[in-house]
Every structure is written in C-alpha cells, then in structure tokens.
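Asks: One structure follows; several queries about it will come next.
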Ligand code: NAD
C-alpha cells in the first residue's frame, strides 16, 4: 500500500480520496476550503494544513483541481516538497497546453508525471467506477495503474504527455454535439406528432443510436434513469459541459483543427448557461432548443 497525498478534495476529489483510503492506502489531503477538508477527514483522509505538509514523504501525489491555472499554481509547491522520483498525477480536466507545462515542471524536478482526467461524474467517483484517460510515460502509467484502479474501472493509456486531456476533450466534444443533435431530433419529432417512445425505439436500434439516445435520453420516459426524469438535476451540469467544449475550442484554435459543430455546440451551451441553466443537467438544453426560432 502506498503513501498518497491528495490535493483538491471537492465534489470529485473527496470521494476519490475516500476510495483510496478504503483500498488500504495511507492518504494525506489538502484543500483550500476548510469544510471540504473536514468532510474528507471523516472518510479517513489525514488533513494537512498546507500543500507541502500534505505531500512531504508521499510516494504518489494526486491533484483534482478546477482549472489549468490552479494546477500550475499547486504543482510547483508540490514538486518543491517531494523527493525526486515521486509520481504526480493530475486528474483535473484542464487545457492540453497547461497539462504539458505541468509535465515539464515535473520532468525538470526529476519526478514522474501523468495527466489522467476522468469520465463518470460524482456518481462514478463515489462508486469507484471512473474511466481514466492517461497521458505520460510507460513508467509513470505502470506506477499509477494500481492507484487509479482503486478509483476507477477502466484505465486507458492514451499516449505521451497531454494525451489524456486530449482524449477527454475530444470525447466530450462528441458528447456535446451528439446531445444537441438528439435534442433537436426529439423536438422535431414532437412537432411532427411522433411520440417520444416511438422515436426512442427507432433511434436506439437504428443508425441514430448513440449514448445520448440510449443511456441519457433527454426526454422523460424511455430511459427511466436519465436526468430528464428527475427535473434535469445533474448528472453532468451544463456549466461543466460548457467548460469542456471551450477547452476543445481552445485546442482547435491552437492546433488549427476545424471543428465547426464543436464551435456551434459551445455557443449554444454558453447561451444556455447565460439563461441561468449552468447548474442543470446538460440534457436540459432540449428546453432551450424547443423554444429557439431558426
Ligand atoms: P470542486 O470545485 O468541487 O473541487 C475542486 C476543489 O479544489 C475545491 O474544493 C477547491 O477548494 C480546491 N482547490 C482549488 N485550488 C486549490 C489549491 N491550490 N490547493 C488545494 N485545493 C484547491 O470541483 P470538482 O467537481 O471536484 O471538479 C474537479 C475537476 O474534475 C475539474 O477539473 C472538473 O472539470 C473535473 N470533472 C468534474 C466532474 C464532475 O462531475 N464534477 C466530472 C469529470 C471531471
């Protein structure tokens, strides 16, 4: 069992750290928010009063922070306080450029590093069923694997530094675009007098089949567990979808990739958030699309 430091114990980091404790690891944690740190203590995480205290003596450090700027603020403090050879894993969803900068900081400090963003939301974090998309060296990945397995059920090595973040934003760009497409189809079906169930029965078994239809159907009824049946409580909040779509567009801009539907999806989710819907599930965008004139 390893001595692990966990930095950022919020909605995702809290339950992830708790699963590391459950797996028998010795986990020390730090978060800027005192209430969050107290909640983590209740799950068996040893609270530290600052980052350097949390990471001192750790073999592995995990960060789960909001954005790239937070990671690039925390990592220099971490790297200044750990022994060379320590593995630092960032599980936050951040831009690819910041992820690569973080890897470079680790390399300069003689440490191993991995970007390992996750999919599966707070439910997956609590259940220990997250999917990890990892970028970094084979050595870093093999050292991280047993620790990631305590928090997730699928661990994919996507390539070198930044490849995990690249996979995450490409996947979520597909999701944002496909959800809007599915919502448009259901809204059009309503205008044509087609029942939700009939369209679901066809689309979920035909060429329109995708996760947004079959698992996360944006209208109540056909998939009882989807947030549409629960007043669009997240699930996956529209604000987080917007964040990921914006990251995809930053990456498209910096690489010269053409992603016109990704750009349109980002604009629609920005409008949806502006209308006060950032905290609702991202599939609730069907309500805005129903009312949108073309
Ligand atoms: P959160 O805001 O609940 O938690 C982030 C925590 O980081 C906060 O408690 C904050 O106090 C702490 N923090 C910020 N700066 C810090 C610092 N310098 N040192 C110590 N602690 C610091 O956010 P979350 O929902 O847990 O998301 C974390 C990351 O996971 C984000 O990048 C998000 O995009 C990604 N993610 C979230 C979900 C989800 O469903 N919530 C799903 C997949 C990925």
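Asks: Sort out which residues of the range 107-155 are away from the ligand (no atom under 15 Å from the Cβ), assigned to a loop (DSSP other than H, G, I, E, B) and either surrounded by 20 or more Cβ atoms within 10 Å (Cβ to Cβ) or free of Cβ contacts under 8 Å to residues at least 40 places away in the same chain (or both), and write them in order of number.
Replies: Matches in the range 107-155: 109, 110, 111, 137.
Asks: Considering only residues that are touching a helix residue (DSSP H, G or I) at 6+ places or on another chain (Cβ under 6 Å) and in a helix (DSSP H, G or I), look in the range 196-226 and name the one that is farthest from residue 263 (Cα to Cα).
Replies: 199
Asks: Taking residue 101 as the residue in question, decide whether it is under 22 Å from residue 249 (Cβ atoms) and more than 15 Å from the ligand (Cβ to nearest atom).
Replies: yes
Asks: Residues in the range 51-62: is at least one outside any loop (DSSP other than H, G, I, E, B), away from the ligand (no atom under 14 Å from the Cβ) and farther than 17 Å from residue 17 by Cα?
Replies: Scanning the range 51-62 turns up no residue that is outside any loop (DSSP other than H, G, I, E, B), away from the ligand (no atom under 14 Å from the Cβ) and farther than 17 Å from residue 17 by Cα.
This table checks each residue for (1) in contact with a strand residue (DSSP E or B) (Cβ under 7 Å, 6 or more places away or on another chain); (2) surrounded by fewer than 23 Cβ atoms within 10 Å (Cβ to Cβ); (3) outside the structural domain of residue 93 (by TED's automatic domain parsing); (4) more than 23 Å from residue 219 (Cα to Cα).
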{"position": "248", "(1), (2), (3), (4)": "no, no, yes, yes"}
{"position": "257", "(1), (2), (3), (4)": "no, yes, yes, yes"}
{"position": "267", "(1), (2), (3), (4)": "no, yes, yes, no"}
{"position": "287", "(1), (2), (3), (4)": "no, yes, yes, no"}
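Asks: From the residues in the range 37-50 that are within 12 Å of the ligand (Cβ to nearest atom) and assigned to a loop (DSSP other than H, G, I, E, B), which one is farthest from residue 86 (Cα to Cα)?
Replies: 49
Asks: While we're looking at this one, here's another question. Filter the range 1-36 down to the residues that are assigned to a loop (DSSP other than H, G, I, E, B) and within 15 Å of the ligand (Cβ to nearest atom), then identify the one that is surrounded by the fewest Cβ atoms within 10 Å (Cβ to Cβ).
Replies: 33
Asks: Would the range 93-106 turn up any residue that is surrounded by 17 or more Cβ atoms within 10 Å (Cβ to Cβ) and more than 20 Å from residue 71 (Cβ to Cβ)?
Replies: Among the residues of the range 93-106, not one is surrounded by 17 or more Cβ atoms within 10 Å (Cβ to Cβ) and more than 20 Å from residue 71 (Cβ to Cβ), which makes the answer no.
Asks: Go through the residues of the range 179-201 one by one and say whether even a single one is outside the structural domain of residue 11 (by TED's automatic domain parsing) and within 16 Å of the ligand (Cβ to nearest atom).
Replies: Yes, that holds for at least one residue.
Asks: Also: Can you work out which of the residues in the range 230-244 that are assigned to a loop (DSSP other than H, G, I, E, B) and more than 9 Å from the ligand (Cβ to nearest atom) is surrounded by the fewest Cβ atoms within 10 Å (Cβ to Cβ)?
Replies: Restricting to residues being assigned to a loop (DSSP other than H, G, I, E, B) and more than 9 Å from the ligand (Cβ to nearest atom), the top hit is 231.
The values are calculated or read from the model by the stated rules, or taken from the named source; none is laboratory data. In this text, all values refer to a predicted model and were calculated from it rather than measured experimentally. Note: ideal-geometry Cβ built from the backbone for every residue, glycine included; neighbour counts use all protein chains shown.
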